[in-house]
Amino acid sequence: MKFAEFQPGMVFEQGPRHLTEEEIIRFAEAYDPQWFHVNPERAKAGPWKGLIASGWHTCGIAMKMAVEAALEGSESFASPGLDSVKWLKPVRPGDDLFWKGVVKAKRVSNTREGLGILLWSWEVTNQKNETVLELDATSLFDISESMEKDQE
């Protein structure tokens with residue numbers, strides 16, 4: 001979707017995305033090797049009463065869903081960061097995740113020509129409709145080419 005097509009209030013949805021124990025462990029071994037992400041037996045006796053996915057894994061899945069739902073084929077090229085990242089419930093093996101993105105605002109930069117800025121909120125829920133992740137994202141778009149076309 002192109003930057004010009006995004007409008008405040010638009011809602012995007014993607015999912016389900018099924019998580020397996022093997023995938024959770026594989027991600028955690030590579031990027032977040034804490035015992036409650038990589039050791040199912042030890043995790044059973046822990047505070048979560050079982051293995052849980054890394055929050056960073058959940059964020060990565062959300063990112064992929066955002067690309068599939070809205071950003072693929074767009075002029076999006078970067079993000080200056082995320083605000084208010086909240087992991088609200090543990091994500092477990094066997095969970096199905098659903099992503100929702102809501103456009104909050106968009107604007108063209110006043111200081112950098114050809115830069116579009118999109119502010120949106122993301123929510124990831126599980127199959128029980130429990131919210132497991134909330135965040136506010138900013139996406140940057142290179143709209144210089146589309147601005148040149150508008151000027152022609």
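The values are calculated or read from the model by the stated rules, or taken from the named source; none is laboratory data. In this text the structure is predicted, and so the values were computed from the model without any measurement. Here the Cβ positions follow ideal geometry from the backbone for every residue, glycine too, while neighbour counts run over all protein chains shown.
Details
- Matching residues in segment 11-39 - criterion: being surrounded by 15 or more Cβ atoms within 10 Å (Cβ to Cβ) and either modelled with pLDDT under 95 or under 20 Å from K64 (Cα atoms) (or both): F12, Q14, G15, R17, L19, I24, I25, F27, A28, D32
- Some residue of segment 16-25 being touching a Phe, Trp or Tyr at 6+ places or on another chain (Cβ under 9 Å) and over 30 Å from G114 (Cβ atoms): yes
- D95 vs. criteria of a type outside the set (K, R) and more than 30 Å from Q7 (Cβ to Cβ): yes
- Residue ID - surrounded by the most Cβ atoms within 10 Å (Cβ to Cβ), chosen from residues in segment 40-64 that are within 27 Å of S79 (Cα to Cα) and of a type in the set (A, V, I, L, M, F, W, C): A53
- Segment 121-130, residues that are in contact (Cβ under 8 Å) with a residue 24 or more places away in the chain and either surrounded by 15 or more Cβ atoms within 10 Å (Cβ to Cβ) or on the phi > 0 side of the Ramachandran plot (or both): W122, E123, V124, T125, N126
- Options A43, A53, A28: the member that is over 22 Å from L135 (Cα atoms) and either polar (S, T, N, Q) or out of contact with any Lys or Arg (no Cβ under 6 Å at 6 or more places or on another chain) (or both): A43
- The residue of segment 109-120 that is surrounded by the fewest Cβ atoms within 10 Å (Cβ to Cβ), among those that are in a strand (DSSP E or B) and in contact with an Asp or Glu (Cβ under 9 Å, 6 or more places away or on another chain), is L119.
- All conditions but one from (1) assigned to a loop (DSSP other than H, G, I, E, B); (2) free of Cβ contacts under 8 Å to residues at least 60 places away in the same chain; (3) within 26 Å of K128 (Cα to Cα) apply to H37; the one that does not is (1).
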